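Asks: One structure, as C-alpha cells, below. Some questions next.
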Amino acid sequence: MAAPQHVRAAPLARALRATATATASAPVPIKSQGTSRRALLGLSEPQLRQLALDLGQESYRGKQLHDLLYKSRAKQIQDFNHVPKAFREALLGAGWSAGRSPVHHAITASDGTTKILLKLEDNRLIETVGIPVDDDNKGSSRLTACVSSQVGCPLRCSFCATGKGGFARNLQPHEIVEQVLAIEETFKHRVTNVVFMGMGEPMMNLKSVLEAHRCFNKELKIGQRMMTISTVGVPNTIKMLASHKLQSTLAVSLHAPNQKLRETIVPSAKSYPLGALMDDCKNYFLETGRRVSFEYTLLAGINDEKQHAEELAELLRTCGGGYHVNLIPYNPIEGSEYKRPYRKVVQAFVDALEARKITVSVRQTRGLDANAACGQLRNEFQKNPLLEIEPSPSTEPTLVPA
Ligand code: SAH
C-alpha cells in the first residue's frame, strides 16, 4: 500500500532518497556535508593500503595508518610519527584528516554512566553515552556505547528531547566510529556492546550506520551480536537492512499497540502504518533468523494500561512471535507534559505481557542525574544549534614537523 502523504512525510522521503544510493557507492568516503576533509577513521586496512599506493607510498604504509588509527589511537595526522613526514604532508595535501573530534563536555552519573558531548568540525554537538555494567556472576564487565547517528533528529517523537532540538544533518561514518573511541578513552576500557540508540534515526542514515557497524566489527572487534540498531520505522529500510544479513539485533520503537495511538506519540507513523511495519519485522525475522526486539516507552496514562499490554501481546502474536519487548519507563524531559508511570504500573504491564508468553525486560534507568534521556544534554549546551550556528571557520590543520 502506498504511504499516505502527510506533513511529516518529507523527512521520510528524503531518507529514502539518501538510502537508495547507499548500496551503490564507492568504498572510500567522499567529502560531504559537515566536514571539509575526508576522514581516515572508519576505513579498512585494504582501503588504507590502497590510499597509501595512490599517494605514491608502499602498501605497508597503509597498514601503519591502520595501526595508528585503531591501535595507537592517534588523533591527528600531525601525530602520525611512524610514517614519513612526506606521507603526512601528502595526506593533508590531499584533504585527509584523522577524523577525530574534541570532547566538548562530559558528565558522569553516580552509577558511572557517562555522557560525552563531541564537538564536530562544523561546531555541532553530538551526544554519546558510555554505560558500564559489572557482571558479578561472570566476573566480567561490559561497557555499552550508545551512539548517535544524526545531529538531532527530524522525526520528532513526542517524548524525545532530540527531536525537540531540531535536525541538522546525518553523521559521517567516522563521526559514529569516533564516539566509541571517545568512550573507550574515557573509561580506559574496551567497548563490548554498541546500541544505535543515541541522537537520530539510524535508518535515515543507513549507509553511514552500516559503514560504522563494519568498522566496529572488523577494526574494533566488537561482535555483531553485541550490537543493536534501533529504529522508529522508515519505509523500505528494514527490508534493505535485512539484505545485509547482519547478526546484530534490530530494535523497533513501537510505543503503542495500535495505529491510532501510535500516530499521536510518533508523528512519522502516519507515513508508515503499523501493519506495514509489523509485516516488515516479520519478514526481517524470516530472512535473517534474528529475533526483532520491540521498544516501548511507557508514558503514564497514555499507553501504560493493562489493555495496552494485552493489545500489544495480540499484535505480536499475529505477527508470528519470536519477539522480545523492552519497556522503557519514560525519562522526563524539559518542556514535556508526559509523566513516568509508577513502578507498580510498569510491573502490571510486564505481568500482562508475560501472562501472554511475551518475553519482556524493563530497561533500568541509568544515569538519570546525567540527563539520561536522549538529546537532553546536547539541548542544554546548544539551545538552538541546528538553525543558528554558522559553519566553523576553516579548520585546516597545520603540519607540525616531527
Ligand atoms: N530513532 C531511534 C533511536 C532513538 S533513541 C528509535 O526511535 O528507535 C532509542 C530509544 O529511546 C527509542 O525507543 C526512543 O523512543 C527512546 N527514548 C527517547 N527519549 C526517551 C525518553 N525521554 N524516555 C524514554 N525513552 C526515550
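Asks: Would you say Ala161 is surrounded by 18 or more Cβ atoms within 10 Å (Cβ to Cβ), closer than 24 Å to Lys270 by Cβ and not charged (D, E, K, R)?
Replies: In short, yes.
Asks: Let me ask something additional. I'm checking my understanding of the structure. Among residues of segment 326-361 that are among the β-branched types (Val, Ile, Thr) and within 22 Å of Ser148 (Cα to Cα), which one is modelled with the lowest pLDDT?
Replies: Ile333
Asks: Let me ask another. Is it true that some residue in segment 207-224 is assigned by TED's automatic domain parsing to the domain that holds Cys157, charged (D, E, K, R) and under 25 Å from Leu353 (Cβ atoms)?
Replies: So far as segment 207-224 goes, no, none of its residues is assigned by TED's automatic domain parsing to the domain that holds Cys157, charged (D, E, K, R) and under 25 Å from Leu353 (Cβ atoms).
Asks: Among (1) modelled with pLDDT of 95 or more; (2) in contact with a helix residue (DSSP H, G or I) (Cβ under 6 Å, 6 or more places away or on another chain); (3) in a loop (DSSP other than H, G, I, E, B), there is one condition Lys75 misses while meeting the rest; what is its number?
Replies: That leaves (2) as the condition not met.
Asks: Checking the conditions here, which among Ala300, Ala276, Ala313, Ala309 is part of a helix (DSSP H, G or I), under 21 Å from Arg156 (Cα atoms) and not basic (Lys, Arg)?
Replies: Ala276
Asks: Filter segment 289-310 down to residues that are surrounded by fewer than 18 Cβ atoms within 10 Å (Cβ to Cβ) and more than 16 Å from the ligand (Cβ to nearest atom), then give me how many there are.
Replies: Looking only at that region, the number is 6.
Asks: Are any residues in segment 264-286 free of Cβ contacts under 8 Å to residues at least 60 places away in the same chain and either more than 15 Å from the ligand (Cβ to nearest atom) or outside the structural domain of Gln224 (by TED's automatic domain parsing) (or both), and if so, which ones?
Replies: Gly275, Met278, Asp279, Lys282, Asn283, Phe285, Leu286
Asks: Filter segment 113-152 for residues that are closer than 16 Å to Val180 by Cα and not in a strand (DSSP E or B) and give the result.
Replies: Those that are closer than 16 Å to Val180 by Cα and not in a strand (DSSP E or B): Thr113, Leu120, Val147, Ser148, Ser149.
Asks: A follow-up question, please. Only residues in segment 329-343 that are at positive phi count as the first member; pair them with residues that are modelled with pLDDT under 95, Cβ under 8 angstrom, at least 6 apart or cross-chain, and list the lot.
Replies: Here the result reads Gly335/Lys164, each pair linking segment 329-343 to a residue that is modelled with pLDDT under 95.
Asks: Condition first: within 13 Å of the ligand (Cβ to nearest atom) and not hydrophobic (A, V, I, L, M, F, W, C). Now tell me which residues in segment 190-208 satisfy that.
Replies: Within segment 190-208, Gly198, Gly200, Glu201, Pro202, Asn205 meet the criteria.
Asks: Something else about it: Looking at segment 311-338, which of its residues are β-branched (Val, Ile, Thr) and either within 16 Å of the ligand (Cβ to nearest atom) or surrounded by 20 or more Cβ atoms within 10 Å (Cβ to Cβ) (or both)?
Replies: Hits for segment 311-338 are Val325, Ile328, Ile333.
Okay, residues lined up against (1) within 16 Å of the ligand (Cβ to nearest atom); (2) surrounded by fewer than 17 Cβ atoms within 10 Å (Cβ to Cβ); (3) touching a residue at least 60 places away in the same chain (Cβ under 8 Å); (4) among the aliphatic types (A, V, I, L, M):
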position	(1), (2), (3), (4)
Glu185	no, yes, yes, no
Lys188	no, yes, no, no
Lys218	no, yes, yes, no
Gly223	no, yes, no, no
Met227	yes, no, no, yes
Pro235	yes, no, yes, no
Ile238	yes, no, no, yes
Ser243	no, yes, no, no
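The values are calculated or read from the model by the stated rules, or taken from the named source; none is laboratory data. All of these numbers come straight from a predicted model, not from anything done at the bench. Glycine also receives a Cβ, built like all others from the backbone with ideal geometry; neighbour counts cover every protein chain displayed.
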